[in-house]
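I have placed the structure first, in the form of structure tokens, so that the comments after it can refer back to it.
What follows is calculated from the coordinates using simple rules that are stated; it is not laboratory data. Just so it is clear, the structure is predicted and the values come from calculations on it, not from any experiment. Backbone-built Cβ (ideal geometry, glycine too); neighbour counts: all protein chains shown.
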Amino acid sequence: MATISSSTRCCSSSLAYSNSSYIGFHHHQKNVPFSLVSPNRIGSKRVSLQSKSNPYSNVIIMQDGAVGTTAATVEKKAPLKKLKDGLSSDTSPEEHKEPIEVGVNSDKSTVSITVVGASGDLAKKKIFPALFALYYEDCLPEHFTIFGYSRSKMTDAELRNMVSRTLTCRIDKRENCGEKMEQFLKRCFYQSGQYDSQENFMELDKTLKEHEAGRVSNRLFYLSIPPNIFVDAVRCASLSASASNGWTRVIVEKPFGRDSESSAALTRALKQYLEEDQIFRIDHYLGKELVENLSVLRFSNLIFEPLWSRQYIRNVQLIFSEDFGTEGRGGYFDHYGIIRDIMQNHLLQILALFAMETPVSLDAEDIRNEKVKVLRSMKPLRIDDVVVGQYKSHTKGGVIYPGYTDDKTVLKDSLTPTFAAAALFIHNARWDGVPFLMKAGKALHNRRTEIRVQFRHVPGNLYNRNFGTDLDQATNELVIRVQPDEAIYLKINNKVPGLGMRLDRSNLNLLYKARYSKEIPDAYERLLLDAIEGERRLFIRSDELDAAWSLFTPVLKELEEKRTIPEYYPYGSRGPVGSHYLAARNNVKWGDLGVDE
Amino acid sequence: MAIQLSHCSSSSTTFSSLHHETSYFSKWVTEIHFRRQLRNHFELKSANGYPLNAVPMQDGSVAKPLEEEVPFPEFGETNSMLSITVVGASGDLAKKKIFPALFALYYEDWLPENFVVYGYARTKMTDEELRNMISKTLTCRIDSRENCQAKMEEFLKRCFYHSGQYNSPEDFLELNCKLKEREGGKLSNRLFYLSIPPNIFVDVVRCASTKASSATGWTRVIVEKPFGRDSDSSRELTKCLMQYLTEDQIFRIDHYLGKELVENLSVLRFSNLVFEPLWSRNYIRNVQFIFSEDFGTEGRGGYFDNYGIIRDIMQNHLLQILALFAMETPVSLDAEDIRNEKVKVLKSMKPLQLEDVIVGQYKGHSKGGKSYPGYIDDPTVPKDSVTPTFAAAALFINNARWDGVPFLMKAGKALHTKRAEIRVQFRHVPGNLYKRNFGTDLDKATNELVLRLQPDEAIYLKINNKVPGLGMRLDRSDLNLLYRTRYTREIPDAYERLLLDAIEGERRLFIRSDELHAAWTLFTPVLKEMEEKKIMPELYPYGSRGPVGAHYLAAKHDVRWGDLTGED
């Protein structure tokens, strides 16, 4: 039953409340005074389990889009299965307890979340708001405290003031928001200290202990700090502020090194102080709704899996574009470039999820095993299969958009790519010969992330003559738009209504906005919650990271050694022409630049 | 020449070869060359409506390039004349469907330059009276368009009336004279639309064929159902028609085949890679053909009572759609190739057993103070009638592609909704990783493709999707294509398409004699058995979801009706 608690997702509303008491409640009534058990807590913890294990009874009535909120009737006949039983293998002792004890223990255990680098941008914009959203949705355990840690001197009140200013961004229009926010802020504290000072972390430990008040302590450290101090902070936190009787986990953000060697060195250093299962390498793209849905689409729909191979798929495109440049903050970026910043991690992770074989189960280790297999099957990337670009300034409508090297934080002679396109291949039975094209760029004409799957031509197409000479225009295409405006659509050939026989491509459409009225949670919420619950599915394992770097390091080295000049493209344009030639060499057309997009 | 013309209906424009000779289409002049090229080269349009490629391709079909040079003796030039004679012009179908469809074709410039429309019936009427009658019903479809009034005037000027008996060769001879007069020595093509009761089909065909056939061009006859009421009577009818007409002069209309989404069925299957691999027993669990009407016979049950819902809807409309759905890939899109494949499906069908059919009849029902009459309350229906107004059947195709896949049909009157749709239910995902997210009823987690033929044409594919949020809840969402939102253009009525096809000699959507024969062979034994045993239909209330028996029939074959799940 450990998995029950770990797989719980409070956030799916109150729909399964009646059932939630069904699991835990009897036990509570038998074993503990009822007053000890906050109904809300049970509700919040168990609800999600219900909705996860028994989604279908709700589902049928949800075609109207009122997902979850209206579904008060939950059929009890659905078995209360755990969602991801594999969690049990690596969850902490506390999570392994029987449900009886879980209920009781939840009173006795606590989670402390320490945001290291609390005054930084990411912390303010993403981490604290995500934590608040989780709290608002009753996803956090009953006892939790949040600590901000950084070098700045600040009081608790000052931190709260700082946090409260950014909390408004997501859910401020909801019911009781003000009240909830007060409650949340009361649980936020601040501790100032150096990142490499064991003494300072010892002080943190002391304060944490005070708040834990003798309960089982679980500690999550979120390292929102520059990579050069990762190891120091991990050392100090691990040696001086680890939980004595619960779990200690550390979330780290990219960059995880800048090539195979530095990444391996970082991993080695982290492993001096942490076990593999304590390290949570975050890739926030994996927390995005439609990336999560990718596996659902593939593995729970009969109609997709038969098509998911070289036999039917002509090419796959992973596209990331931003419509702004570095905007005066290029210092960090200039050291990494777009390939390291976007491709080697986000896009490659999505590729691995897309292309992996069916895992044995949905357990984190099973999925990550399959992903590693994909990465290790990849054909080494050659420099001819990569195109790099850099944006230059552009004047449009009287507005001057600065070029990359106009950014004051960037070297004037920087060759760092702000755009890259690459053609990758997977040497396995499923994907041999299918080009996987990636494209990522800053300062382009639009902002979007999407996966495009282009299918082959229909062999012996009866309607060939209806398509003119360009048969490419008549192939099916599945588009999964990760952001913005989440959607899934399948382009099909269809007869234009009328007396003639004209065909065109129409979309079979699923626009999330139209179908699901509920707000889609930010990727950070999902990932933080997963880390708290010990769900590792969406975090990068060390061997995955190694494999990802092995793929890109040689090309990155070569680009740097040869000082390859990027192709310049105007700010706000569609990127360098070179990416079209790269695509054309692989007999591909970028789907995002077609006429019907 | 019909072969060349057979492609015209399939392009965005037809008869373009006519246009260059006339000032009538002057505004199109600049487009003529362009349109001519396109005539046999279908356009692929992008989603934003711009042609992706307007360049005619060098396709492999040998006959096509010749076409531009060969003159069209039938009506390719101004010296030919098409006359359309609607026999039974004062009837309901003629007024509601045929004349409006002809006008719509005229309005959209699909008819040849020279044409006349003749009404023929026993009623005494002047040309003026006919025009007056027609004009009253023309308004129904395109009256709000530009120039509609002017167009209508022009159209009506070409409409004439001739009164006569249906079995009188003399009267048809007179018609022939009038037609000749109108044709004024031009090459004449004649289309007869028989909008008359079946018992006088043969008389009219005899008279028309012997006395009013075209001397120089073609003569074609469109006949409407019923084509007999069982194998014997149908064969008899065909035999009689064949005395006076050859197979390629007979156009048996099944107006369901003219519906937009039925036309699109082949396009979906054969021009999309994503569907064809799934189109077999390996992936498809069952297929459902559903027809329901939300009204009864409403005082006009006389004809219906003699036929019943199986003959009226299943044996023709639903079975035709089934054949199109299940056929193998034809050699080409030519009529004969397609009809060959359809016949093969019909001939492969397992004989229908009585236990695989259930029948129902609606009874009176009061709701909200209003009472709805039962079938036998209809004064035109015998009080003890056991004619089914509802039927469901499970059919099987004994071939490599479909062995074991139930094809369920359901058709009924006086039900709770009005709709016609095809539902394709796919199998379970083998070894589904997400099984436990679906609860106990895995049937609810399968994919389903729905083609809604009417009303509100749509195609949607039900897929399992993660409900956005932090949990892992799955639900079924639709990948959707609602025609109304995607295509602003009006969808033409089935009769327009079919009339145009008949004019062009495109036989794809008409029923060939052997198809008809195979269709009757399938249903006749069961129909006979039911009538001999006087099977009592299960009674269901007017406006309900039909008899419960339909669910038991489905359950017997491990199927759930997709239209009654509460999801749609």
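Here's how it looks for B:Y540: its modeled amide H is under 5 Å from those of B:Q361, B:Y362, B:K363, which are all 5 or more places away or on a different chain. Once the C-beta distance of B:E355 and A:D470 is scaled by a Förster radius of 45 Å, the resulting FRET efficiency is 0.25 to the nearest 0.05. Roughly speaking, what % of Cα-Cα pairs in segment A:527-577 are separated by over 14 Å, rounded to a whole number? Beyond 14 Å sits 71 percent of the P(r) for segment A:527-577.
The gain in end-to-end length when the A:A429 to A:I229 segment is fully stretched comes to 67.7 nm, 0.36 nm per residue minus the alpha carbon separation.
Figure legend: label point modelled 7 angstrom from the Cα of B:H428 along Cα→Cβ; residues of segment A:293-314 with amide N under 20 Å from it are A:296-306.
Working note: Debye formula, equal point scatterers on the alpha-carbon atoms of segment B:524-568, no solvent; log10 I(q)/I(0) at q = 0.17, 0.18, 0.33 Å⁻¹ is -0.68, -0.74, -1.06. Checked against a 25 Å cut-off, the cross-linked pairs A:K124/A:K288; A:K442/A:K557; A:K495/B:K95; A:K491/B:K344 give Cα-Cα distances beyond that limit for A:K495/B:K95; A:K491/B:K344.
On full extension, the segment bounded by A:V577 and A:T409 gains 57.8 nm, given 0.36 nm per residue less the C-alpha separation. Under the simplified labelling scheme, the A:D384-A:E199 pair shows an inter-label distance of 6.2 nm, with each label point 7 Å from Cα along Cα→Cβ.
Say each of B:V331 and B:E146 gets a label point 7 Å from the Cα, pointing the same way as Cα to Cβ; how far apart are those two points in nm? Taking the simple label geometry, B:V331 and B:E146 are separated by 4.5 nm.
Computed from the Cβ-Cβ distance with R0 of 45 Å, the FRET efficiency linking A:K125 to A:A584 stands at 0.70. A straight Cα-to-Cα reach below 20 Å connects B:K534 with the lysines B:K363, B:K383, residues fewer than 8 places away in its own chain not being considered. Spin-label model, A:K396/B:E532: points 7 Å from Cα along the beta carbon direction are separated by 7.9 nm. Annotation for segment B:485-565: trypsin sites (Lys or Arg not before Pro) lying in DSSP loop with at most 11 further Cβ atoms inside 10 Å of their Cβ are B:R489, B:K533, B:K534. The simple Förster model, with R0 at 25 Å and r as the Cβ-Cβ distance, assigns A:R329 and A:E182 a FRET efficiency of 0.15. With θ taken as phi - 60° and the Karplus curve 6.51 cos²θ - 1.76 cosθ + 1.60 applied, the whole-hertz 3J(HN,Hα) list for segment B:116-125 is 9, 10, 10, x, 10, 6, 6, 3, 7, 7 Hz, x standing for glycine and proline.
Normalised by residue count, segment A:221-361 yields a Cα convex hull volume of 161 Å³ per residue.
Over segment B:156-220, Cα pairs under 8 Å with separation of 6+ residues give a relative contact order of 46 percent.
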